[in-house]
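The values are calculated or read from the model by the stated rules, or taken from the named source; none is laboratory data. What you see is a predicted model; the values in this text were computed from it and never measured. Positions of Cβ are backbone-derived with ideal geometry, glycine not excepted, and every protein chain shown enters the neighbour counts.
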Amino acid sequence: MTDPRDEESRRRQKTRAIIMALLLGAFVILVYAITIAKMGMLQ
Amino acid sequence: MNTATITHDTALPADWRDLLALTKPRVMSLVVFTALCGMLAAPATVHPVLGFTAILCIALGAGAAAALNMWYEADLDALMKRTAGRPLPAGRLDRQTALHFGVGLAFFSVLLMGLAANWLAATILAASILFYVLVYTVWLKRRTPQNIVIGGAAGAFPPMIGWAAATGDVTLLPALLFTLIFLWTPPHFWALSLFVRSDYAAAGVPMLPVVSGARATRQQIALYTLPMAAAAVAPWPLGLAGPVYGAAAAALSLAFLILALRVLANRASEPEGMKPEKRLFAFSIFYLFAIFGALVLDRWMLA
């Protein structure tokens, strides 16, 4: 039988990992967009 | 700082909702709005991506300051009904996670602001975070009833940062917007502290109603309303804003003054009889939203 606290712990870790992945993805897109915007301003 | 009263379940990793709650999202909405208005009122065109990033950095910086405030004040929050349910005093999060989260977010927001917008905006953002955490939270809050007067400066920075992010400088109008929020903060917080006085007294926080009583606090609210109204209207006669803003600022400040005078006339000492205080507190939030909204509308109409 699994400990319900282990299950809760894994659920929280999984949710945080998904959110962290989404945030990192958003950050990469943001840095790309900032670079394009800055290059556009230089031209 | 007494941490013995707070217990937490270290066996479980922090829930993301508790990390989000550390950033005080409701307070952040006013910060974001005033910063956005400061940026939109500035006489410069900002690239949408860079504008979005600057506002994001201001929001993250405000969230970092809030997280560090909650980290430092966890013992106080545990003693007050209004704040006892926050993640740290409720034991849903350990203090080290909150500290790391706050410091990490602060560095990230300042660096990204510097790289995406400019280093003047990043410097003011860093100063506002440090001011809120070190000057207000660590130094003033537990020591003096003037805590909110001086500490209010931390919340006054966002429109100035928004302006600086757009233009790369700070002129008279963002300085006046800073002054407006700086002078708005004491009546706003003192109205709240009147009807949650027992909370602050229980936690030993020397808010003005706890130290000097309700009467003196009500007098101070009315007194601070006058320079606040002057700072609100000032951009119009100084030629920095048009009649739309001037009329809105005058009407809203008059309404604020009427509500402040009702607070002054109130004699109630228990929260049940403090309707005028509750009304002033609610209106003060609307006041700031409306006045900054009017400024942007006015600038657009002038343009």
Can you find a residue in the stretch B:123-139 that is assigned to a helix (DSSP H, G or I) and farther than 27 Å from residue B:36 by Cβ? yes
Which of the following residues is of a type in the set (A, V, I, L, M), modelled with pLDDT of 95 or more and either outside any helix (DSSP H, G or I) or in contact with a strand residue (DSSP E or B) (Cβ under 7 Å, 6 or more places away or on another chain) (or both): B:238, B:252? B:238
So which of B:134, B:99 ends up being modelled with pLDDT of 95 or more, more than 19 Å from residue B:206 (Cβ to Cβ) and either touching a Gly at 6+ places or on another chain (Cβ under 7 Å) or surrounded by fewer than 17 Cβ atoms within 10 Å (Cβ to Cβ) (or both)? B:99
Being of a type in the set (A, V, I, L, M, F, W, C) and surrounded by 14 or more Cβ atoms within 10 Å (Cβ to Cβ) narrows it down to one of B:302, B:297, B:226, B:238, so name that one. B:297
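So which of B:280, B:257 is assigned to a helix (DSSP H, G or I), buried (at least 22 other Cβ atoms within 10 Å of the Cβ) and in contact with a helix residue (DSSP H, G or I) (Cβ under 9 Å, 6 or more places away or on another chain)?
None of the others qualify; the one that does is B:280.
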Single match in B:171, B:185 (criterion: crowded, with 21+ Cβ neighbours inside 10 Å, among the polar types (S, T, N, Q) and within 19 Å of residue B:291 (Cβ to Cβ)): B:185
Per the filter on the stretch B:172-221, residues aliphatic (A, V, I, L, M), part of a helix (DSSP H, G or I), more than 15 Å from residue B:285 (Cβ to Cβ) and in contact with a Ser or Thr (Cβ under 7 Å, 6 or more places away or on another chain) are B:194, B:208, B:214
Evaluation of residue B:56 against (1) assigned to a helix (DSSP H, G or I); (2) surrounded by fewer than 21 Cβ atoms within 10 Å (Cβ to Cβ); (3) away from every other protein chain (no Cβ under 14 Å) (one fails), failing number: (3)
Quick one: how many residues across the stretch A:1-10 are surrounded by 10 or more Cβ atoms within 10 Å (Cβ to Cβ) and more than 10 Å from chain B (Cβ to nearest Cβ)? 1
Could you figure out which of (1) away from chain A (no Cβ under 14 Å); (2) within 20 Å of the chain's Cα centre (by Cα); (3) buried (at least 23 other Cβ atoms within 10 Å of the Cβ) isn't true of residue B:83? (3)
Counting just the residues of the stretch A:11-28 that are facing chain B (nearest Cβ under 9 Å) and either of a type outside the set (A, V, I, L, M, F, W, C) or touching a Lys or Arg at 6+ places or on another chain (Cβ under 6 Å) (or both), which one comes out nearest to residue B:60 (Cα to Cα)? A:16
